[in-house]
Every structure is written in C-alpha cells, then in structure tokens.
Amino acid sequence: KENDRLNILFLGYVGDRKGTYDLIRAIKKIVVSNKKINLYLRIAGNGELEKCQKLIDDINLTDYIDILGWVDKNEKQRLLLESDVLVLPSHFESFGIVVLEAMSFKVPVICGNEGFTKELISDGKDGFIAETGNILDIANKIQKIENYLCVMGENGYSKVKKYYSRERIEKKLRNIYIEVIKNG
C-alpha cells in the first residue's frame with residue numbers, strides 16, 4: 001500500500017448500470033464515518049464522466065476521487081499495479097474480464113452480487129461480494145478488505161493461474177471444437 005493509503009480502482013463504463021454512483025456514495029459513507037481514513041478512488045472508463053464529476057463535486061469528495069476517463073492497455077496495467085483493490089459493484093455484469101485482470105495483478109476484488117462476476121470471486125477468499133445497490137454493504141466490504149489485501153491478492157492470483165491460464169482456456173476451447181465437429 002502506497003503511503004498507508006488504500007488505493008481503490010474502478011475500471012469500466014461509468015454509470016448507474018456499473019454501480020459507479022453506488023461506489024461514490026459508499027466512499028462518502030466511509031469518509032463521513034471515519035475522518036482518519038486514508039483512501040483514494042480512481043475511476044477509469046468512458047461513459048457519464050460529467051455526471052459522475054458533478055456528484056463527486058456536490059458531495060465534497062474531490063480530495064478522495066479522481067476520474068481518469070478511458071485508459072489504454074498500458075495505463076490500465078499501471079493502475080492495476082498501483083491499486084490495492086478493484087471495486088466493480090455492477091448492477092449487471094457479463095463475464096467481467098477486468099476481474100481476472102485484477103486478480104492476475106494480485107489485486108483483490110469487491111463485486112456486486114448481480115450478474116456473472118460473482119461467479120469469479122470466492123467471497124472472503126480472493127475478494128468480497130457485496131449486495132448490489134447496497135451502499136452500506138459496499139462501504140463495509142471496502143473497509144473490511146483492507147485487512148486481507150495480501151492473502152486475498154495471492155489467492156486470486158493462484159486462482160487465475162490455475163483456472164484461467166491461456167493454456168487451460170485453449171485446451172477447453174479445443175475440446176469444445178472437437179466435440180462440435182464430432183457431433184456436427
């Protein structure tokens with residue numbers, strides 16, 4: 001952790017559907033309840049950037065949140081290297097490749113319980129699953145994860161290596177193609 005600060009990252013479309021505003025409101029809850037907390041959220045992605053910035057300004061969080069906008073692959077990798085936790089409180093998420101990317105950088109993940117992303121997280125082992133739309137639960141999970149960053153990061157990294165390596169995925173795809181050709 002940099003300067004004893006919890007560096008939080010959001011990667012994805014900025015808007016209601018991805019839970020961006022829920023995350024911002026969760027940060028506000030944390031800041032209001034614990035003035036000594038040292039955290040910083042970086043929001044990277046495209047979407048409702050102006051609306052998001054207005055909310056941040058309106059609820060006085062400019063010292064805690066930075067909107068970066070869309071980032072390229074190199075910048076995304078740099079952000080993951082510098083982050084302690086990825087928070088993706090989506091109201092709906094398909095596969096959530098960004099979750100696997102974070103885990104491959106030993107960054108634990110907090111995700112919402114809606115959509116497929118929750119299938120990638122072992123709650124309490126390599127991240128936390130928060131109730132989608134529940135700002136208090138998201139805030140609690142952010143505060144709780146600070147005590148488990150190293151172990152959860154390692155657990156997530158091991159999971160990605162074991163189940164989502166290029167070799168393993170290629171083998172699974174090859175077997176599916178063989179099955180389709182055989183039965184097609």
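Think of it as helices only: each DSSP H run of n ≥ 4 in the chain is worth -39500 (n - 2.57), and spread over all residues that comes to -14500 deg cm²/dmol at 222 nm. Treating each Cα of region 1-44 as one equal point scatterer and applying the Debye formula with no solvent, the log10 of I(q)/I(0) at q = 0.22, 0.24, 0.25 Å⁻¹ comes out as -0.78, -0.87, -0.91.
For the chain, averaging the sequence separation of C-alpha pairs within contact (under 8 Å, six or more residues apart) and dividing by the residue count gives a relative contact order of 22 percent.
In this simple spin-label approximation, SER94 and SER158 carry label points 7 Å from Cα along the Cα→Cβ vector, and these lie 3.2 nm apart.
Computed over the alpha-carbon pairs of region 1-94, the distance histogram in 5 Å steps reads 3, 14, 26, 26, 20, 9, 2, 0 percent, short to long.
Extension gain for LYS29-GLU82 works out to 16.7 nm (0.36 nm per residue, less the C-alpha to C-alpha distance). Heavy-atom accessible surface of the chain, averaged per residue, reaches 54 Å², computed with a 1.4 Å probe. The distance between label points at ASN175 and THR62 comes to 5.5 nm (points 7 Å beyond Cα on the Cα→Cβ vector). The largest accessible area among GLU82, GLU93 belongs to the first residue in GLU82, GLU93, and the rest follow in falling order (1.4 Å probe, all chains). Measuring between alpha carbons in the structure, the pairs from LYS51/LYS159; LYS29/LYS159; LYS73/LYS161; LYS36/LYS161 lying more than 25 angstrom apart are LYS51/LYS159; LYS29/LYS159; LYS36/LYS161. Rolling a 1.4 angstrom probe over the chain with all protein chains present gives an accessible area of which 50% lies on carbon and sulfur atoms.
Could you pull out which residues in region 11-33 have an amide N less than 19 Å from a spot 7 Å beyond the Cα of ASN147, following the Cα-Cβ vector? It comes to 30-31, 33, nothing else. Both radii were evaluated on the Cα set of the chain; the Rg over Rh quotient, with Rh as the Kirkwood radius, amounts to 1.02.
Spin-label model, ARG168/PHE116: points 7 Å from Cα along the beta carbon direction are separated by 1.7 nm.
The values are calculated or read from the model by the stated rules, or taken from the named source; none is laboratory data. Not measured: the values here are computed from a predicted model. Here Cβ is always computed from backbone atoms with ideal geometry, including for glycine, and neighbour counts include all displayed protein chains. SASA here: full protein model, heavy atoms, side chains in, ligands and nucleic acids out. Shrake-Rupley method; radii C 1.70, N 1.55, O 1.52, S 1.80 Å.
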